[in-house]
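*Asks:* I'd like to ask some things about the structure below.
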Amino acid sequence: MRAHRPLAGEGPVVLRSATDPGWLPLALAQFDAVLVDHAHCEKKAAANALSLLQSYPELPGLPAQMARLAREESAHLARVLELMEARGLSLSKDLGDPYAQALQTLVRTPALERKVDRLLVAAMIEARSCERLALLADGLKDQDERLARFYGELAQSEDGHQFLFFHLAVKACDEATVEARLSTLLDAEARILASVGVRAAIH
Ligand SMILES: [Fe+2]
Ligand SMILES: [Fe+2]
């Protein structure tokens, strides 16, 4: 099954399942919980960008791109924290994201495989986040136009990030190998998403 892609154009990461139709109503009904989870997602995206910079400074273009990405994800985090503050919400302890944690277990150990897998897992998380944020943008349209615009902007931004990570993976290895590995990982992503179930969270 081809996933519903709310944005125009098709990136290199074509998700193999669409989000369960029950997710959006739950996310809108428990929007405060989603917002807190979203803040943690942006925080982890910023931290992961710096971690990749730390691990792979030799990959051409990666240090500058990850430095910019960390700044962009931190800006997303700051905007989500502002939204939370306006609603009187505070950031609770990060209880972890079972979806992202399950994806991390797919990362292989040998150095080159690890590098490719870390980049492709990041690309898939960006692609799934893009799908979910675009769904939120659509769902919020009738109740809060400003918030809907904010989520629309973020969805577009995360869509760009999936390209960034995919292209870095191709630089780290060769395109055929990366495509083959991505295909395997995309099947796993769809299985993991289904096993995690519908939650009041970004994933
Ligand atoms: Fe982000
Ligand atoms: Fe992102």
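*Asks:* Any residue at all in segment 170-181 that is under 24 Å from D32 (Cβ atoms), touching a residue at least 60 places away in the same chain (Cβ under 8 Å) and surrounded by 21 or more Cβ atoms within 10 Å (Cβ to Cβ)?
*Replies:* no
*Asks:* Sticking with this one: If the requirement is being within 16 Å of ligand 2 (Cβ to nearest atom), more than 14 Å from the chain's Cα centre (by Cα) and of a type in the set (A, V, I, L, M, F, W, C), which of these qualifies: L168, L185?
*Replies:* Within the list L168, L185, the selection yields L168.
*Asks:* Now a separate question. Just one of (1) under 29 Å from D144 (Cβ atoms); (2) assigned to a loop (DSSP other than H, G, I, E, B); (3) more than 16 Å from ligand 1 (Cβ to nearest atom); (4) not charged (D, E, K, R) trips up A33, so point out which.
*Replies:* The one condition A33 does not meet is (2).
*Asks:* Which residue is farthest from Q156 (Cα to Cα), if the candidates are limited to segment 73-92 and must be part of a helix (DSSP H, G or I) and not hydrophobic (A, V, I, L, M, F, W, C)?
*Replies:* Within segment 73-92, the match that is farthest from Q156 (Cα to Cα) is E85.
*Asks:* Take the conditions part of a helix (DSSP H, G or I), buried (at least 21 other Cβ atoms within 10 Å of the Cβ) and within 13 Å of ligand 2 (Cβ to nearest atom) and apply them to A70. Does it pass?
*Replies:* Working: part of a helix (DSSP H, G or I): yes; buried (at least 21 other Cβ atoms within 10 Å of the Cβ): no; within 13 Å of ligand 2 (Cβ to nearest atom): yes.
No, not satisfied.
*Asks:* So which of E126, E113, E131 is within 16 Å of ligand 2 (Cβ to nearest atom) and either out of contact with any Phe, Trp or Tyr (no Cβ under 8 Å at 6 or more places or on another chain) or assigned to a loop (DSSP other than H, G, I, E, B) (or both)? Steps first, please.
*Replies:* On the way: E126 fails: either out of contact with any Phe, Trp or Tyr (no Cβ under 8 Å at 6 or more places or on another chain) or assigned to a loop (DSSP other than H, G, I, E, B) (or both); E113 fails: within 16 Å of ligand 2 (Cβ to nearest atom).
After applying the criteria, what remains is E131.
Where a number appears in this text, it was derived from the coordinates with a stated rule and is not lab data. All figures in this text were calculated on a predicted structure; none of them were measured in a lab. For neighbour counting, all protein chains shown are included, and Cβ atoms are generated from backbone atoms with ideal geometry for every residue, glycine included.
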